[in-house]
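Participant: My questions all concern the structure below.
The values are calculated or read from the model by the stated rules, or taken from the named source; none is laboratory data. Source: prediction; values computed, not measured. Cβ coordinates were reconstructed from backbone atoms using ideal geometry, including for glycine residues, and neighbour counts include every protein chain displayed. All accessible areas refer to the heavy atoms of the entire protein, side chains included, with ligands and DNA or RNA removed. Shrake-Rupley method; radii C 1.70, N 1.55, O 1.52, S 1.80 Å.
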Amino acid sequence: MPRLLDKARYIILLLLYTTLGGHTTRGEEFKFGDSRAEYFAEAKILPEKLEVPRYLLHNVTEKIFFTEGEDNKPLFLTIIPCASSVEWTLTHRSISSSKSSSQAAGNTPNSSPPSDNTVLYHHQGRDLHNFTHPTGEAGLYTIEIRALESDTYVRLYASNRFPLKDYPVLPKDDSVTIKRRSRKGFSVEWNPSPQETPFDSIIEYHIAVNRKRPFDTYCSLMSHLQGDTPPRQTTSFEFPEEIQRNEEFRAKANPIKPAKKNEITYLNLGAKTKFTFNGARPGRKYFVNVFVYNKQNKKAVALKSLVVRTKPKKGRSSSVKRIKNGRTQIHIFKKPKESLTMEFRIRKPAKEVLLGVHVCGKVRFQIRTKKKKWFSRRVHNYKEFTLKDLPKDTYTIKIKGSKKGGDEIRFTLTTKKNKYKYPRLPKETSVTSVNTTCENVTIEWIGETQRQTFCVYKTEISEEVAKRRPKTDQCASEIDKASEEVFCKRFRNHQQQRLRESVKGLHANRNYRIDVIVKQNKRSKLFVRYDSLYVKTAEAC
């Protein structure tokens, strides 16, 4: 029964607010402290001396109310945004103006009452912000607030007695200063909180470092680090309309997701007022936020945000090799995760740039300029790529080996097709047998449109190997010693038709592996392989 009376009383108070106190007198029911914290979510009326959370939808303006029944009372208001920066305006409407407005509306039923709201304050930002009005007036106060970047929680506090006191005290100089800066890290320090004493240890310092944004409040850091929860289902009055409105609000809500792993570095430093961050990248910007944290009530307040840019990489060293157009490069990565950096210069805009990569192992191959990444891919075996519409510039080629090490890479890069010295394979790399007898086998494969040398090898293999049929190893840089060269021919296949040749001198009822390799010319040591063909000759002639 008392809960029902509470609800009825609160509904009457809500009606008084929505009619702007039209017929109430000063001191009557129109004062701080009548609003109940448990009803704040539905009625949007701030309770006194309590910090309460509110969920805001992105770019939707919401009105929140509180009242004052006496003149010349101080007003203390604190707003703490979390996931997003907010824009808010505080307006006031006195009781006397509310009365005259309602009377004017009564004399002319078809007209709406004029607005006599006075704007007291306006603020936009992502910081904890306090507003103090030393001589407040009686009447209705309205906070119009809007989330600017995403859905967010905000925390609100209002009182006519004293400001918000639960948070730790900041030092007079609340800035964070840089003590050392290098290409791979930096050191910062700050002044201790005056609340810190040698007799207790309730104050400690937390720090957050990331590359995306500053965190000007502790709840902002927590929102981005852990993600926000959806707004709770609150049905204090349990009206059907209230339940439906609540469900619609929850359906529209889109709370932010937690940051990816290692995106935000967050540490508890205890009583330390110095910190060194290692593992930064050269020439990058980092946001640093330090929080004074009270262990007893778990409240925290932020020092001024700091932006640190690490020192850039050193200029181009003479050790960085510049690649010549069409020249084949060979490198062996002896150490795990070893990297190779080279440069390639394009002197005039190129419609097509040919890249051929032949890898034994796995590597990360990247081509970029200062402004843009043009190519980045993990490559193994043999691959050909065509890069289109590359502007005049100097391109940095960075190749990173695998964790195991021992990778070998051969690659070539050219703006002219006639300078592409690496042998080329068609998309279809299979070799097929057309006819098999006891002494020979007729094979077919597809050639390339450019003139190249094709060599065919035969290798007698065991029954066991023939059953396993190992895949072709493009990494092998040597011809199998057991293989016997059948022939080498140099020709061009203009229409990319299937080429047909006979492999002779075989023995009856034996297993063979037939290999077709292709290279630029007979003297070249660089070659690539077609898929191996496994055949068995006839038992008898």
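Participant: Using DSSP to call loops (not H, G, I, E or B), can you name the GluC sites (Glu not before Pro) in segment 122-210 whose Cβ has at most 16 other Cβ atoms within 10 angstrom?
Facilitator: Within segment 122-210, the qualifying GluC sites (Glu not before Pro) (loop, at most 16 other Cβ atoms within 10 Å) are Glu149.
Participant: At 7 Å along the Cα-to-beta-carbon direction for both Glu70 and Glu149, put a label point, then send me their distance in nm to one decimal.
Facilitator: Taking the two extended label points, one gets 4.2 nm.
Participant: Using 7 Å Cα-to-Cβ label points, what is the Thr61/Thr118 separation (nm, one decimal)?
Facilitator: 2.1 nm
Participant: Okay, moving on. Need the full-extension length gain, Lys311 to Lys427, defined as separation in residues times 0.36 nm minus the C-alpha distance. One decimal, nm.
Facilitator: Residue separation times 0.36 nm, minus the Cα-Cα distance, leaves 37.2 nm.
Participant: If each residue of separation counts as 0.36 nm, what is the full-extension length gain between Lys274 and Asp480 once their alpha-carbon separation is subtracted?
Facilitator: My answer for the length gained is 67.9 nm.
Participant: Let me check something: with ligands and nucleic acids excluded, how do Ser223, Ser305 order by accessible area (1.4 Å probe), largest to smallest?
Facilitator: Ser305, Ser223
Participant: Can you work out the FRET efficiency for the pair Ser201 and Trp374, with r the C-beta to C-beta distance and R0 = 60 Å, to the nearest 0.05?
Facilitator: Using R0 = 60 Å, I get an efficiency of 0.65.
Participant: What nm value, rounded to one decimal, do you get for the distance between Arg183 and Thr386 when each label is placed 7 Å out toward the C-beta?
Facilitator: Simple spin-label model gives 3.9 nm for this pair.
Participant: Between Lys334 and Leu225, what FRET efficiency comes out of the Förster formula 1/(1 + (r/R0)^6) with R0 = 45 Å and r the beta carbon distance, rounded to 0.05?
Facilitator: For R0 = 45 Å, the calculated efficiency reads 0.65.
Participant: Using a Förster radius of 60 Å, what is the FRET efficiency between Thr265 and Arg510 based on their Cβ-Cβ separation? Nearest 0.05, please.
Facilitator: Between Thr265 and Arg510 the formula returns 0.40.
Participant: Taking a label point 7 Å from the Cα of Phe487 along the Cα→Cβ vector, which residues of segment 406-443 have an amide N closer than 15 Å to it?
Facilitator: Under 15 Å, as judged by backbone N against the label point of Phe487, lie 440-443 of segment 406-443.
Participant: Which whole-Hz ³J(HN,Hα) couplings does segment 171-181 yield from phi under the Karplus relation 6.51 cos²θ - 1.76 cosθ + 1.60, θ = phi - 60°, glycine and proline marked x?
Facilitator: For segment 171-181, the Karplus-derived couplings read x, 4, 9, 9, 8, 10, 10, 8, 9, 8, 9 Hz, x marking Gly and Pro.
Participant: Quick one: which residues, 5+ away or cross-chain, put their amide H under 5 Å from the amide H of Arg183? H built at 1.01 Å from N.
Facilitator: Distant-sequence amide H within range of Arg183: Lys311.
Participant: Right, something else. Apply the a/c threshold of 1.5 to the C-alpha gyration tensor of segment 219-288 and tell me whether it is rounded, prolate or oblate.
Facilitator: prolate
Participant: Please give the residues of segment 47-80, grouped as numeric ranges, whose backbone N is less than 11 Å from a label point set 7 Å along the Cα-to-Cβ vector of Thr135.
Facilitator: In segment 47-80, the label zone of Thr135 (backbone N under 11 Å from the point 7 Å along Cα→Cβ) covers 72-73.
Participant: According to the square roots a ≥ b ≥ c of the eigenvalues of the Cα gyration tensor, what is the shape class of segment 137-262, taking rounded for a/c under 1.5, prolate for a/b larger than b/c otherwise, and oblate for the remainder?
Facilitator: oblate
Participant: Report, in debye and to the nearest 20, how large the dipole of segment 155-293 comes out about its Cα centre when Lys and Arg carry +1 and Asp and Glu carry -1 on their Cβ.
Facilitator: Computed about the Cα centre, the dipole is about 1220 debye.
Participant: By its C-alpha gyration tensor, with a ≥ b ≥ c as the square roots of the eigenvalues, how is segment 337-479 shaped: rounded for a/c under 1.5, else prolate for a/b larger than b/c, else oblate?
Facilitator: Oblate is the answer for segment 337-479, as a/c is 1.5 or above yet b/c matches or exceeds a/b.
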